[in-house]
Amino acid sequence: MKADELKAWSQLQTKGRGVTSFTDDRNGNAWLYNPNLLKPSRFLTALRLRGGMTSDKVTMNKVMPQANVKCRKCRPCNETLAHVLGQCMYRKAQRIRRHDKIRDFVTNKLANMKDGIKIIEEALIPTPTGNLKLDLVVNQGRVHVVDVTVRHEDIGYLDEGYRSKVEKCSPLLEILAEQLNVERGRVLPLVVGTRGSMPKTTIDSLREININDRGSFITISLLALRNSIEIYHTFMDYNVLVA
C-alpha cells in the first residue's frame with residue numbers, strides 16, 4: 001500500500017514533482033521522523049514545500065486560475081517552486097548564503113579532524129576560458145575537489161548537478177596534483193536538494209573525505225531545507241499582489 005501510494009503521488013503533475021528523490025532518504029526525511037528538528041511554523045512550511053502545496057503562481061493556478069503565471073519579482077520566468085528556491089535573481093543573495101553555510105559546515109568538520117588534512121577554500125584555478133573558483137580543495141595525500149551545489153528535487157536536476165560538477169572540475173585535478181605534489185584524487189560533488197534531499201552520491205562524496213556520521217548528513221540536509229524555507233518566506237512577502 002505504501003509503495004502504491006508513493007507511485008500515485010509521484011505521478012501527480014505538480015504535487016508529485018521530485019517525490020522520488022526522497023524515497024528511502026532517511027537523512028532528508030529526518031525532520032519528518034523527528035519534528036523537533038524544525039520550529040513548528042517552519043515545520044508547517046516544510047510540509048507545504050514537500051507536498052507541493054505552496055503559494056507560487058504555477059501551483060495556485062491549479063486551484064484558482066491566474067491572469068498570468070510569470071514571477072512576481074523578476075517577471076521573465078514562470079513562478080514555480082523550483083524557480084523561487086533555485087533560480088529567481090531576487091533571492092540570489094539568500095541562495096549564495098544557503099550554499100556557503102553547507103560549504104562552511106563541511107570545512108569546519110574537516111578542520112577539526114586530526115589526520116593531517118589540508119584545506120584550501122575558494123581556490124582560483126586559471127583555465128584557458130578564465131579562472132574557476134572551487135569551493136574546497138582537500139589534500140589527504142591525494143587531492144580532491146569538493147564542490148557544493150543545491151538543486152531542486154525535480155526530474156533529473158540532482159543528477160545533472162552531479163554531472164556538471166564532475167565535468168567542470170575534473171580537468172583541474174591534474175593541475176592541482178602537480179601544484180601540490182600529491183596524487184590525483186576525485187571530484188566530489190556535494191549535491192543537496194532545495195527541500196533537503198540527500199542523494200547517495202553525496203553521502204559517498206562525504207565518506208571519501210572521512211565525514212561518515214549520520215548527524216553530519218542530517219545537518220547538511222537541514223541547512224538546505226531551513227534556508228530554503230527562509231527563501232520561500234522572504235519571496236512570499238505579499239507586498240506584490242498575485243496578478
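The values are calculated or read from the model by the stated rules, or taken from the named source; none is laboratory data. Here the structure is a predicted model, which means the values were calculated and not measured. Here Cβ is always computed from backbone atoms with ideal geometry, including for glycine, and neighbour counts include all displayed protein chains.
Give the number of residues within region 21-69 that are at pLDDT below 95, of a type in the set (Gly, Ala, Ser) and closer than 15 Å to GLY193 by Cβ. Total satisfying the criteria: 3. Considered as a group, the residues in region 183-214 that are basic (Lys, Arg) and assigned to a strand (DSSP E or B) include one that is nearest to ARG103 (Cα to Cα), and that residue is ARG186.
The numbered conditions (1) modelled with pLDDT of 90 or more; (2) out of contact with any strand residue (DSSP E or B) (no Cβ under 7 Å at 6 or more places or on another chain) are all true for ALA3 except (1). With respect to SER205, determine if the residue is modelled with pLDDT of 95 or more and out of contact with any Pro (no Cβ under 8 Å at 6 or more places or on another chain). When the stated conditions are applied, SER205 does not pass them.
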